[in-house]
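Working notes for the structure below.
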Amino acid sequence: MSETLEPPGLTALEKLKYQGDPLADAVVAEVVADGRTSAVNEVLAQFRDNDQPIPENLPESVRRYLIETDAPPEWADLERVAAAYEFFVDDGMHVASVLSFGAMVNCYAQPRPSRVLSLTHRLNQPHRRLSETSQFVLNLMGPDPFGSGGGFVPTIQKTRLIHAAVRYFITRSGEWDVEADGVPLCQQDMLGALLIFSVQVIDGMRRMGVTVTDREAEDYYHVWRVTGAMLGIPAEAMPETLREAQELNAGLVETSYGPSAEGIELTRNLLRLYEKMVPGKAFDGVVAAMVRQVVTEDVADWLEVPRSRGWGRAVGAGVRAMRLLERSEDHSRVATVVLDKASNLLLGGSVRTLTNGQATALTIPTDLREKWLAAGVCPVTPQRT
């Protein structure tokens, strides 16, 4: 799987299509061969905090993997990580808005990763994918995600194993041609996801009228770059600066977009999920209009996002108003309240819908939750489950 013979003459970027994650792949292969998958899953389900000792009752290969992957790379700048946290304190709900309406849909515009989702039988589980993505970002944006008191390192480690498990089973399913399509969830796919959740989120926020300074954008990208390294993406494949990342996003990710039956179905199910948040029939079409505001017209058309002339105009007018409010945010308490409450409504609705009315599925880091509560913008006060 990770040792797949790749075609000759490929560039370094093209070779990523045939690369898995040797470290995590080896662990999964051994655990499956030993028939210990369920037992390992039960133990890892209780492994949640950076400070938590590695469970003793794990196979030696799993313990060794957890030890080898428990620290950020040496080049990680923890001051920039702290600065990204402050950015998220101020604009975290706006980040959530763009992730929901833009990044998730752009992921579905990539035919190969969308096909992976179809083969893992997750086309009809948008609530689970959105919930997992939201929790991943919330853990990432804690005050010290990689250090003492944080909870992000186990999240990364388990996510990496999940990716390896998906590669293991899909490559052995008989439904995937590695020679033609590369490795499922390859490093090229992982790099693309990294750029969607970092570069494209910043670009989407700015399109929605939210002010993001160049320093804030660089720090936000840096945190994702550190995360990418901990997920197993080769450091040399990830651009060091945001500008270089934007160029790679345009050349690698956006050129990969296209229509697919899987992407269309994933998008349709996601829109249905969002529409459940909006009461009554009067607002039918507003969710699709919001998606069309954040993604490009080509992506929206390929994924068959419905058009609504009326709501399209209304959302466009709302974005223009938001830009005016954002410019006055530092000088107008009213403008601040309007922006924060709008994002509050989206994230709060997402939590209630994802959990069938239970506000305990998403765990907001304690320090972040306290700051949001103090500012009056935290939609829920969840407990750890």
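The values are calculated or read from the model by the stated rules, or taken from the named source; none is laboratory data. Note that this is a predicted model, so its numbers are computed, not measured. Because the Cβ atoms are built from the backbone with ideal geometry, glycine has one as well, and the counts that use them run over all protein chains shown. These accessible areas exclude ligands, DNA and RNA; they are computed on the full protein's heavy atoms, side chains included. Shrake-Rupley method; radii C 1.70, N 1.55, O 1.52, S 1.80 Å.
Quick notes on this one:
- Leading residue by the ranking (modelled with the lowest pLDDT) among those in region 276-288 that are under 23 Å from residue 200 (Cβ atoms) and surrounded by fewer than 23 Cβ atoms within 10 Å (Cβ to Cβ): 277
- Extreme residue, modelled with the highest pLDDT, among residues of region 124-145 that are over 13 Å from the mean Cα position of the chain (by Cα) and open to solvent by 20 Å² or more (accessible area, probe 1.4 Å): 144
- Residues that are open to solvent by 40 Å² or more (accessible area, probe 1.4 Å) and not in a loop (DSSP other than H, G, I, E, B) within region 62-82 comprise 63, 64, 67, 68, 78, 79, 80, 82, listed in sequence order.
- Unique match (being among the hydrophobic types (A, V, I, L, M, F, W, C) and open to solvent by less than 10 Å² (accessible area, probe 1.4 Å)) among 252, 266: 266
- Every residue from region 150-180 that is in a helix (DSSP H, G or I) and of a type in the set (Gly, Ala, Ser): 164, 165, 180
- Qualifying positions in region 148-173 - small (Gly, Ala, Ser) and crowded, with 17+ Cβ neighbours inside 10 Å: 150, 151, 164, 165
- Yes/no for residue 117 being modelled with pLDDT under 80 and either surrounded by fewer than 23 Cβ atoms within 10 Å (Cβ to Cβ) or touching a strand residue (DSSP E or B) at 6+ places or on another chain (Cβ under 8 Å) (or both): no
- Helices (runs of 4 or more DSSP H) contained entirely in region 191-304, each with at least 1 residues that are more than 28 Å from residue 120 (Cα to Cα): 199-207, 214-230, 242-248, 286-294, 297-302
- Conditions (1) open to solvent by 20 Å² or more (accessible area, probe 1.4 Å); (2) of a type in the set (A, V, I, L, M); (3) at pLDDT 95 or above; number of the one not met by residue 109: (1)
- Residue match in region 37-54 (condition: over 24 Å from residue 132 (Cβ atoms) and modelled with pLDDT under 90): no
- Checked against (1) at pLDDT below 90; (2) under 13 Å from residue 218 (Cα atoms), residue 87 meets all criteria but (1).
- If you go through region 216-230 and keep only what is touching a residue at least 60 places away in the same chain (Cβ under 8 Å) and open to solvent by 20 Å² or more (accessible area, probe 1.4 Å), you end up with 216, 218, 229.
- Members of region 25-61 that are open to solvent by 70 Å² or more (accessible area, probe 1.4 Å) and either of a type in the set (Lys, Arg) or not in a loop (DSSP other than H, G, I, E, B) (or both): 30, 33, 36, 38, 41, 42, 48, 60
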